[in-house]
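**Q** Here's a structure for you.
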Amino acid sequence: MSFKAIVKSVISGDSLVLRQPGGAQGQAPKERVLHLADIVAPRLGTSTREDEPWAFESRDFLRGLTVGKPIAFTTAHSLPPNEDVPRDIGSAEINGVDLASELLKNGWAKLKELKREPTEEDQRKRDLEAEAKAAGKGVWNPHGPKAREVNYMMPTDSQGFISEWKGKPIDALVEQVKDGSTIRARLLMPDGEHQFVNIALAGVRSPRVSSRQDEVSEQWGEEAKFFAESRLLQRYVRIQILSLPTSTATPFQAGSNASAPPPSATIFIGSVLHPAGNIAEHLVAAGLARVVDWHAGMLASSGGMERLRAAEKSAKEKRICLYANAAAPSAKSNGAAVSGGPRTFDAVVTRVWSGDQISVSEKEGSKERRLQFSSTRGPKLADPKQAFYAQEAREFLRKRLIGKHVKVHIDFVRPKEGEYDERECATIRYSTQGSNIAEQLIEKGLASVVRHKRDDEDRSPDYDKLMAAEQAAVTEQRGIHSGKEQPAPRQPLNISESSHRATPFVNGFKRQGRIPAIVDYVAAGSRFKILLPKDNQTLTLVLGGIRAPRTARNPSEKGEPFGAEASDFATRRYMQRDAEIEIYDVDKSGGFIGALFLNKTENAAVTLVKEGMASVHSYSADSLPWVKQLYDAEAEAKAAKRNIWKEYDEEAEQAAQVPEDSDGSALKTEFIDVIISDVRPRNDLTFSVQILNTEGIASLEKLMRDFSLHHKGVSTPVAGFVPKGGDLVSAKFSDGAWYRARVRRASPIKKEAEVTFIDYGNQDNVSFKDIRPLDPKFRSLPGQAHDARLSFIKLPKEDSDYYPEAIDRFRQLCGDRKLIANVDHKEGSASNPLLHLRIIDPSDDNPLGSSINVDLVREGLASVDKKGCGRYLTSYPQVIKQLREASLAAKKGQAGHV
């Protein structure tokens with residue numbers, strides 16, 4: 001009696017595994033083994049014995065002829081079953097062709113010695129064998145089989161094997177299907193070697209199949225195995241080996257003693273490419289496998305993960321097999337977020353909190369929202385092992401995002417859990433390419449991807465790309481995946497801790513001019529915490545020339561009107577921005593008084609005043625180069641009634657102003673910032689000052705840089721040049737540097753000249769060899785040193801014992817610091833007058849009520865100069881009153897020379 005069956009596989013050139021064509025849908029049908037009668041073929045080897053000659057070729061001939069095809073067979077008699085699988089000896093035909101005869105005809109089997117009388121059929125088969133033998137076919141080939149090495153065990157150096165063959169397609173024959181997503185394959189290596197490997201399909205996992213009778217397979221496990229087996233078993237495919245089966249460990253969570261992958265693995269992860277496509281995608285589409293997230297790193301770049309997700313989505317929509325109870329895919333593109341706002345919106349990044357959190361402000365409206373990057377975890381600053389990378393991640397985000405326009409999509413809302421507040425999780429895209437900043441951060445090795453639970457749909461829509469980025473970072477050993485322990489960053493030095501600490505830095509900052517800085521924090525509308533990254537220092541910067549409303553420092557304190565608004569405006573505009581600062585002075589608490597510039601041109605003080613978030617502080621503003629801009633900005637804010645000027649009434653202000661009394665012979669009060677550059681104690685005290693915050697001083701800084709470069713190339717004296725009195729020259733000072741100077745007198749005999757350095761006021765005798773003609777390009781800027789003396793007072797006579805003490809006290813009060821001065825009188829020529837100055841300590845809270853001039857009188861080190869200052873002395877009655885009171889106090893205390 002003849003039976004029908006499908007050939008599942010071929011054991012050897014004379015044995016087949018058959019399965020019934022029927023059976024429940026999707027389930028594996030019953031199987032049986034059929035040994036072809038009267039013939040014998042070479043046996044394949046195992047891990048303990050080698051292949052018999054021609055065994056692989058013999059089996060491959062029968063495999064190619066029959067696997068997956070229907071046959072008709074008859075059984076002569078049965079053998080004892082093997083693991084409940086029936087075994088029979090018989091004959092089989094395919095499309096009317098006898099298999100045994102076909103094997104004999106092609107030389108891939110031999111006839112057995114018969115113990116019966118030969119029949120006509122037996123004789124026909126013997127003739128076929130004789131013809132094959134005569135023709136040297138198959139096993140009768142006189143040259144013998146090609147030598148090959150067959151490795152039945154996995155490669156001993158797994159990592160080396162991966163390194164050599166990763167991603168390269170290799171021809172293979174599937175020898176076994178263990179479950180829907182695990183196979184054993186024979187790799188046909190280019191050198192002729194056969195290498196057996198175990199392969200787990202990349203990107204998917206099917207339910208497990210039981211390997212023992214007392215075990216139960218997982219649901220849909222048998223169906224998944226049958227699905228793969230019926231399509232792959234003993235078929236030629238191409239295999240791409242991708243990785244070892246070690247999921248990427250989340251950095252810093254794996255212990256420091258985590259062991260490296262073993263040198264010999266038991267399985268590889270790879271893709272199996274069938275002529276009909278990638279079997280993994282078909283398994284998922286049939287609902288017989290789930291997508292494995294952590295494989296995304298291997299597949300996303302080639303689009304493999306995207307195709308798996310599409311197959312998964314289709315299976316979920318159909319609710320088949322593993323996805324029968326799956327929730328419908330959620331649409332997260334629209335709708336409202338936790339705050340009731342839109343899910344997708346344009347915004348500006350206002351603050352970077354950490355390597356995975358930022359704050360943004362919507363373009364339309366002023367609401368600020370704190371967002372967490374979806375499926376992203378940044379290093380923690382509080383952990384010493386992570387602190388270095390946490391700071392790197394924060395700086396990476398700051399440089400790319402702060403102040404930039406971004407597109408925000410709220411993916412999901414993370415509920416409040418323990419100490420963690422409810423947080424909106426979002427995908428942030430920036431630039432014209434729509435780059436996902438989280439993907440870039442992870443690719444740099446500055447963050448890791450959160451491992452979500454299998455059915456957790458609250459994740460980034462770019463989750464697979466994030467995994468691919470992490471895989472790239474791991475492969476390249478970047479950042480947190482480098483395995484290197486970086487020391488925690490040193491805390492910046494706070495040089496605004498006190499006035500005592502801050503003061504020594506002022507002169508150095510002045511010389512530097514504009515200093516690159518980062519606005520680390522906004523404490524109030526005009527008060528900032530500044531980071532100087534080059535020196536790893538922080539300081540408090542108070543904007544000079546303006547006053548912003550005060551904010552409340554604690555909940556119980558009430559701030560001034562618009563204090564919070566001014567602070568909020570400054571935060572959004574300047575927080576964490578790259579900027580430049582200029583320093584002029586330091587206040588009593590250690591705060592540096594100066595200016596803040598954004599994008600090199602925007603003056604923060606002017607911007608705040610223009611927006612009505614601050615007012616001009618006349619006393620400190622009048623000496624600034626941009627004082628006109630400040631007053632113009634304030635006038636504009638008043639006219640528009642912005643913020644603090646909301647209730648401004650110009651007529652009422654004008655009516656409230658009281659004209660100041662003035663004497664016609666007194667000069668108008670005009671405070672200027674100065675620094676004393678030279679003190680000349682001989683022939684009564686005179687000194688030189690530079691007037692700060694003027695165009696001349698700014699030009700002088702540039703001129704001196706160019707001047708220094710010019711003289712590096714001028715090394716020899718000019719032949720025939722003899723300086724004369726009144727000449728403008730270049731002269732070398734005792735510090736070795738060149739400065740502009742004017743010759744007072746010259747001695748050709750001594751070959752030296754007495755010069756005055758016109759920008760600093762110093763006088764010195766300089767050898768002719770250290771004098772050069774002043775190049776015309778350095779002549780246009782007037783000298784920046786102004787001759788001056790103290791107004792109203794004179795020091796003791798030079799022969800007095802108190803004169804040196806008075807000079808020392810003057811140097812102590814005025815030397816190496818910025819001062820405020822008022823010009824009370826100008827003596828001499830209009831082009832180069834001797835300035836009579838009243839000098840004021842900038843830290844004094846009552847500048848109109850005191851001066852260093854009065855202080856010297858009070859200390860008995862000076863007296864009123866009725867002779868030298870008599871022409872204008874009576875024009876300042878208030879100052880005369882102060883001088884008289886100071887003189888009486890000195891006499892009463894018997895101070896100084898009085």
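**Q** Rounded if a/c is under 1.5, else prolate if a/b beats b/c, else oblate: with a ≥ b ≥ c from the C-alpha gyration tensor eigenvalues square-rooted, which is segment 505-605?
**A** In terms of gyration-tensor shape, prolate.
**Q** Of Glu885, Glu611, Glu222, how do they rank once you tally other Cβ atoms within 10 Å and put the fewest first?
**A** Glu885, Glu222, Glu611
**Q** Right, next: For a quick check: with amide H placed at 1.01 Å from N, whose amide H comes under 5 Å from Lys30's, ignoring anything fewer than 5 positions away on the same chain?
**A** Gln20
**Q** Long-range amide H contacts for Arg745: which residues qualify at under 5 Å (H placed 1.01 Å from N, peptide plane, sequence gap of 5 or more or a different chain)?
**A** Counting only residues 5 or more places away or on other chains, the set is Glu754.
**Q** Taking the Cα of Ser831, stepping 7 Å toward and past its beta carbon, and measuring to each backbone N in segment 752-771: which are under 17 Å?
**A** In segment 752-771, the label zone of Ser831 (backbone N under 17 Å from the point 7 Å along Cα→Cβ) covers 758-759.
**Q** Follow-up question, since we're still on this one. Please label the shape of segment 86-234 as rounded, prolate or oblate, based on the square roots a ≥ b ≥ c of the eigenvalues of the alpha-carbon gyration tensor (a/c under 1.5 means rounded; beyond that, a/b larger than b/c means prolate, else oblate).
**A** Taking the square roots of the gyration eigenvalues as a ≥ b ≥ c, segment 86-234 is oblate.
**Q** Taking the Cβ of each residue in Tyr648, Tyr872 as the centre, tally the other Cβ atoms inside 10 Å and list the residues starting with the fewest.
**A** Tyr648, Tyr872
**Q** Still on this structure: At 7 Å along the Cα-to-beta-carbon direction for both Arg514 and Leu781, put a label point, then send me their distance in nm to one decimal.
**A** 1.6 nm
**Q** Give, in nm to one decimal, the length gained when the segment between His452 and Val627 is fully stretched (0.36 nm per residue of separation minus the Cα-Cα distance).
**A** That pair, His452 and Val627, stretches by 57.2 nm at full extension.
**Q** Go through segment 28-66 and name the trypsin sites (Lys or Arg not before Pro) that are in a DSSP coil and have 16 or fewer other Cβ atoms within 10 Å of their Cβ.
**A** Filter output for segment 28-66: Lys30, Arg49.
**Q** Can you pull out the GluC sites (Glu not before Pro) in segment 425-478 that DSSP calls coil and that have at most 13 other Cβ atoms within 10 Å?
**A** Glu457
**Q** Sequence-distant or interchain residues sharing an amide H contact under 5 Å with Gln537, placed H: which?
**A** Leu493, Leu532
**Q** How about Lys444: which lysines have a C-alpha closer than 21 Å to its C-alpha, ignoring those fewer than 8 places off in the same chain?
**A** Output for Lys444: Lys380, Lys385, Lys399, Lys404, Lys465, Lys484.
**Q** Now for a different question. So for Phe345, Phe810, fewest C-beta neighbours within 10 Å to most, what's the order?
**A** Phe345, Phe810
**Q** Among (1) 12; (2) 20; (3) 44, which one is percent of Cα pairs over 57 Å apart computed from these coordinates?
**A** Only one listed value fits the structure, namely (3).
**Q** Modelled label-to-label distance, Lys318 and Ala666, 7 Å Cα→beta-carbon offset: nm?
**A** 9.8 nm
**Q** Mind checking the full-extension length gain between Ala698 and Ser435? Use 0.36 nm per residue of separation minus the Cα-Cα distance, one decimal, nm.
**A** 90.4 nm
**Q** What is the angle, in °, between the Cα long axis of helix 463-476 and the longest principal axis of the Cα atoms in the chain? Nearest 10 is fine, range 0 to 90.
**A** 80 degrees
**Q** Still on this structure, I have one more. Could you tell me how many degrees, from 0 to 90 and to the nearest 10, lie between the Cα long axis of helix 120-135 and the main elongation axis, the longest principal axis, of the Cα atoms of the chain?
**A** 50 degrees
**Q** What whole number of Å gives the distance from the Cα centroid of segment 738-759 to the Cα centroid of segment 600-645?
**A** Going from one Cα centre to the other spans 46 Å.
**Q** Can you compute 3J(HN,Hα) from phi for each residue in segment 802-817, using the Karplus curve 6.51 cos²θ - 1.76 cosθ + 1.60 with θ = phi - 60°, rounded to whole Hz and x for Gly and Pro?
**A** 8, 5, x, 5, 5, 4, 4, 5, 4, 4, 5, 6, 10, x, 6, 8
**Q** On to the next question. Kindly write out, for segment 744-749 in residue order, the coupling ³J(HN,Hα) from the Karplus curve 6.51 cos²θ - 1.76 cosθ + 1.60 (θ = phi - 60°), rounded to whole Hz, with x marking Gly and Pro.
**A** Values, residue by residue: 7, 7, 10, 10, x, 5 Hz.
**Q** Stretched out fully, how many nm does the piece from Asn599 to Glu422 gain, at 0.36 nm a residue minus the Cα gap?
**A** Length gained, Asn599 through Glu422: 60.1 nm.
**Q** Round to the nearest 10 and give me the degree value, 0 to 90, for the angle of helix 877-892's Cα axis relative to the longest principal axis of the chain.
**A** 80 degrees
**Q** Something else: Cut-off under 27 Å on the C-alpha distance; same-chain residues fewer than 8 positions from Lys105 excluded. Which lysines are left, in chain and number order?
**A** Lys4, Lys8, Lys69, Lys115, Lys125, Lys133, Lys137, Lys146
**Q** At 7 Å along Cα-to-Cβ for each site, give me the label-to-label distance between Asn683 and Ser211 in nm.
**A** 10.8 nm
**Q** From the backbone phi of segment 594-603, what are the Karplus-calculated ³J(HN,Hα) couplings (6.51 cos²θ - 1.76 cosθ + 1.60, θ = phi - 60°) in whole Hz, Gly and Pro given as x?
**A** Karplus-based 3J(HN,Hα) across segment 594-603 equals x, 10, 10, 10, 10, 6, 6, 10, 7, 8 Hz.
The numbers here are math on the coordinates, done by the rules we state, and not lab data. Fair warning: this is a prediction, and the values are worked out from it, not measured in the lab. Cβ: placed from backbone, ideal geometry, glycine included. Neighbour counts: every protein chain shown.
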